[in-house]
């Protein structure tokens, strides 16, 4: 009988160690995965309806940029802007595309000359962002994530 109890106690001790080592293995896998993930990049860029979600990442990014730029240009063309001096400058717009697909302007950087010549430029950019077609969020491991995007808007106006 003592052999039976001794065997049972050894079996219980070994089985406890077995479960503990699996827990540690899971933790190690999780730590390794977290280190391997590039948190500064996404697997899929934000997309508009007209962009192909099965296209390679570079084409997705290009489609997003072109669609956004064309939409912004159409918005500007609808307004009759009057500029009294030549302009050759760049406005930098920083956007946040949320994991729900909502687009928010974080920052608009422009120089004083642009602000003086086109005082309503911030309003035009805001209107353009508000009227964007539906945006599908960026994906990281098939999970929607927030992403910051910087767009340069190049102004080249000659009298």
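What order, most packed first, do the peptides 70-77, 124-131 have when packing is the mean number of other Cβ atoms within 10 Å of each residue? Each step should come with its number before you reach the end.
On the way: 70-77: 14.0, 124-131: 15.8.
Top of the packing list down: 124-131, 70-77.
Starting from the Cα of residue 89, step 7 Å toward the Cβ, then list every residue of the range 101-139 with an amide N under 13 Å from that point.
Those under the cut-off are 109-122.
Quick one: Debye curve from the C-alpha atoms of the range 47-157, no solvent, what's log10 I(q)/I(0) at q = 0.15, 0.23 Å⁻¹?
Debye output, listed in q order: -0.68, -1.36.
If we restrict to alpha carbons, what Rg and Dmax does the range 98-159 come to, in Å?
14.9, 50
What FRET efficiency comes out for the pair residue 103/residue 82, r = Cβ-Cβ distance, R0 = 30 Å, nearest 0.05?
Numbers: r = 28 Å, r/R0 = 0.95.
In this case the efficiency is close to 0.60.
Readers should treat all values here as calculations from the given coordinates under stated rules, not as data from a laboratory. Everything quoted here is computed from the prediction, not taken from an experiment. As a convention, Cβ positions derive from the backbone with ideal geometry for all residues, glycine included, and neighbour counts pool all protein chains shown.
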